[in-house]
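The values are calculated or read from the model by the stated rules, or taken from the named source; none is laboratory data. As the structure is a prediction and not an experimental result, all values here were calculated from the model. Cβ sites come from the backbone with ideal geometry, for glycine too, and all protein chains shown count toward neighbours. For the accessible areas, the whole protein counts, side chains as well, though only heavy atoms, and no ligand, DNA or RNA atoms are used. Shrake-Rupley method; radii C 1.70, N 1.55, O 1.52, S 1.80 Å.
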Amino acid sequence: MRQPEWLGSAISVGLFALLAAASWGLNEFLRRSQLESVVVNKEGPNTIIENPRVTRSDAQGHAQYRLDAKRILFEEQADRSLVEQPVMVSLAPDRPKTVMQAERAITTRQQNQIDLEGNVRIERSAFDGQPAARVSTSKATVLIREERAMTDAPVIIERGASTLQGNGMRLDQKTRQLEITSDSRMVVPKKGQP
């Protein structure tokens, strides 16, 4: 016996209506439970990254520096990141290798300004006949694009066998100039002494 042609059409229309009703029901459920809107946390971190390794490149795509840390907490509303145990390594091939590390850091101004705190160390490898250098202080501010570092805290700078101490420092990596702002004292060994 032959089925009427309208039976196939009726089944198709019925399935389509059932699907439409199910979609409407799911939409109403999500709307009522407020799951359809994404709420951005206005206070505190929006993102937490454990054991990150971040590499920053220049406009040509060449790696400039790498940041390793225990944890980064990003606060989007405040445009800042809180970094635990940061270690930043310069990767530019035309510059001496420089390593900066601290117990914690706060990055602001679109990751251009880094405020380092707690056992801050900046170490530069030997290059072009110049001895290695190390800067030790309790806090420092680093401006990445300007390639400058500064602090108002007591600082110790070791360069080869020489030592320079003082309060406050201004370092310009581009011009390779260093200034101790006050109470400076330098120890330079005599020739022939290590």
Q. If we scan the range 148-158, do we find a residue that is under 19 Å from ALA102 (Cα atoms), part of a strand (DSSP E or B) and hydroxyl-bearing (Ser, Thr, Tyr)?
A. yes
**Q.** Residue within the range 83-106 that is at negative phi, in contact with a strand residue (DSSP E or B) (Cβ under 7 Å, 6 or more places away or on another chain) and hydroxyl-bearing (Ser, Thr, Tyr) present
**A.** yes
**Q.** When residues of the range 159-179 are limited to those that are among the hydrophobic types (A, V, I, L, M, F, W, C) and in a strand (DSSP E or B), the one farthest from the chain's Cα centre (by Cα)
**A.** LEU164
Q. Would the range 62-85 turn up any residue that is over 21 Å from ALA105 (Cβ atoms), open to solvent by 60 Å² or more (accessible area, probe 1.4 Å), at pLDDT below 85 and part of a loop (DSSP other than H, G, I, E, B)?
A. yes
Q: Give the range 175-190 a look and list any residue that's more than 18 Å from ARG124 (Cα to Cα) and surrounded by 11 or more Cβ atoms within 10 Å (Cβ to Cβ), or say none.
A: THR181, SER184, MET186, VAL188, PRO189
Q. Which ones in the range 131-149 are buried (at least 18 other Cβ atoms within 10 Å of the Cβ), more than 17 Å from the chain's Cα centre (by Cα) and aliphatic (A, V, I, L, M)?
A. ALA133, VAL135
Q) For the range 105-130, how many residues meet the condition of being in a strand (DSSP E or B) and surrounded by fewer than 19 Cβ atoms within 10 Å (Cβ to Cβ)? A) 11
Q | Tally, over the range 151-168, of residues that are touching an Asp or Glu at 6+ places or on another chain (Cβ under 9 Å) and either open to solvent by 40 Å² or more (accessible area, probe 1.4 Å) or at pLDDT 90 or above (or both) | A | 5
Q. How many residues does the range 86-104 hold that are assigned to a strand (DSSP E or B) and not polar (S, T, N, Q)?
A. 6
